[in-house]
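Enquirer: What follows is a structure written as C-alpha cells; I'll ask about it next.
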Amino acid sequence: MNYIILTLLFILSGFFMKYSDDLYDVNHERNISTFLGLICGLASVAATLYNVDAAYIFISLLIGNIIVFKVDGIHHIVALIVFLAVLLIVGIPNLSLLILLICILGIIGDEIGHELIPNMTENRFLNFFFEYRFVMKIVVLLLALCGVFNIWIFVCFILFEVSYVGAGIVFEIYN
C-alpha cells in the first residue's frame, strides 16, 4: 500500500474541510467554499476507498457530524453529496458496525465537547482537550494499539488534524 497517497489524502481533506468552513462561516463566500468542499469530499472518499481504516474515520466523521447538526452550509452539503454518490457508485467498504459505532461516538464526543465545554468550565485542560478534539485522536490511537487499525492510520489522522488547524491559521493570516 502506498502510504504517501493515503497521507496526502488525509492532509488535503483536513485542510479543505477547515478552509471551506472558514470561508463560508466568516466571509460568507459560497462559491469558493463550495468548490473547496468538493475537493474535501473527493479527498475524503478517495481515502475511504483506498484504505478500510480510513473508511472508519471518514464515514464516522460524516455520520457524527450529521447527528450533531454540523452539516450547516452548502460547502458541507456538496462534500456530503460527492462522498455519498461515489460510495454508492463504487460501493461502501465492508465495516464492523461495532468499530464504526466506537468511531462515531468519538466524533460526537469531540463535537459536543467542542461546543459545550468552553461555556461550562474555566478548566484549561478540558478547554484545550475539547478545543483540539482529542477524543477521536485517543479512539484512533487505542484502536491502532489494539491492532484494529494500522498504526499509520493514526499518523494520517494526526496529519489530518494538523492540516485542519493549519488551514485555520492560513485563513486568519490571509483573510
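The values are calculated or read from the model by the stated rules, or taken from the named source; none is laboratory data. Note that the structure is predicted; figures quoted are calculated from it, not measured. Cβ atoms come from the backbone with ideal geometry, glycine included; neighbour counts cover every protein chain shown. For accessibility, only protein heavy atoms count, side chains too; no ligands or nucleic acids. Shrake-Rupley method; radii C 1.70, N 1.55, O 1.52, S 1.80 Å.
Enquirer: Which whole-Hz ³J(HN,Hα) couplings does segment 11-26 yield from phi under the Karplus relation 6.51 cos²θ - 1.76 cosθ + 1.60, θ = phi - 60°, glycine and proline marked x?
Expert: Per-residue couplings from phi come out as 5, 4, 4, x, 5, 6, 5, 6, 5, 5, 5, 5, 4, 6, 6, 8 Hz.
Enquirer: Can you give the Rg/Rh ratio of the chain, where Rg is from the C-alpha atoms and Rh is the Kirkwood radius? Kindly include the intermediate steps, with their values, before the conclusion.
Expert: Values: Rg = 15.5 Å, Rh = 16.3 Å.
In the chain, Rg relative to Rh is 0.95.
Enquirer: Taking every alpha carbon pair in segment 78-160, what does the distance histogram look like in 10 angstrom bins from 0, in percent?
Expert: 16, 35, 36, 12, 2
Enquirer: OK, next. Would you kindly state how much longer the chain becomes between Leu145 and Arg124 on full extension, computed as 0.36 nm times their sequence separation minus their alpha carbon distance, in nm to one decimal? All intermediate terms of the calculation are to be shown ahead of the outcome.
Expert: On the way: separation 21, 0.36 × 21 = 7.56 nm, distance 2.79 nm.
Gain on extension, Leu145 to Arg124, equals 4.8 nm.
Enquirer: Something else: So if we plug the beta-carbon distance of Tyr132 and Asp72 into 1/(1 + (r/R0)^6) with R0 = 25 Å, what FRET efficiency do we get, rounded to 0.05?
Expert: Efficiency for this residue pair is about 0.75.
Enquirer: Still on this structure: Using alpha carbon centroids, what distance separates segment 119-175 and segment 71-86, in Å?
Expert: If we compute the Cα centre of each part, the gap is 22 Å.
Enquirer: On to the next question. Take the Cα of Ile32, step 7 Å along the line toward its Cβ, and report every residue of segment 148-175 whose backbone nitrogen sits under 19 Å from that point.
Expert: 164-175
Enquirer: Just the number, please: carbon plus sulfur as a percent of the accessible area of segment 56-114, 1.4 Å probe, no ligands or DNA/RNA counted.
Expert: Working: 2250 of 2860 Å².
Roughly 79 percent of what the probe reaches on segment 56-114 is carbon or sulfur.
Enquirer: Would you be so kind as to identify which of Leu98, Leu61, Ala85 lies farthest towards the positive end of the dipole of segment 18-120, taking Lys and Arg as +1 and Asp and Glu as -1 on Cβ and the Cα centre as origin?
Expert: Ala85
Enquirer: Something else: Residue-wise, which Karplus ³J(HN,Hα) couplings in Hz belong to segment 165-170, taking 6.51 cos²θ - 1.76 cosθ + 1.60, θ = phi - 60°, and x for glycine or proline?
Expert: 5, x, 4, x, 5, 4
Enquirer: Same structure, new question: Under the rule of -39500 (n - 2.57) per DSSP H run of 4 or more residues, summed and divided by the residues of the chain, what mean residue ellipticity at 222 nm is obtained, to the nearest 500 deg cm²/dmol?
Expert: Working: 8 runs with 145 residues, N = 175.
Per the formula, -28000 deg cm²/dmol.
Enquirer: So for the pair Ile112, Ile63, with labels modelled 7 Å out along Cα→Cβ, what separation do we get in nm?
Expert: The two pseudo-label positions are separated by 1.6 nm.
Enquirer: Per residue, how much accessible area does segment 1-136 show when a 1.4 Å probe rolls over the protein heavy atoms, in square angstrom? Walk me through the intermediate numbers first.
Expert: On the way: 7160 Å² over 136 residues.
Accessible area per residue: 53 Å².
Enquirer: Report the dimensions of segment 29-115 along its three principal axes from the alpha-carbon atoms, largest first, rounded to Å.
Expert: If we take the Cα atoms of segment 29-115, the spans are 38, 34, 15 Å.
Enquirer: Still on this structure, I have one more. Can you give the net charge of the other residues whose Cβ lies under 14 Å from the Cβ of Val68, counting K and R as +1 and D and E as -1?
Expert: Working: positive: Lys70, Arg133; negative: Asp72, Asp110, Glu111, Glu115.
Every neighbour counted, the sum reads -2.
Enquirer: If I take R0 = 35 Å and measure r between the Cβ atoms of Tyr174 and Leu95 in this structure, what FRET efficiency does the formula 1/(1 + (r/R0)^6) give, to the nearest 0.05?
Expert: Working: r = 38 Å, r/R0 = 1.09.
Working from the Cβ atoms, E equals 0.35.
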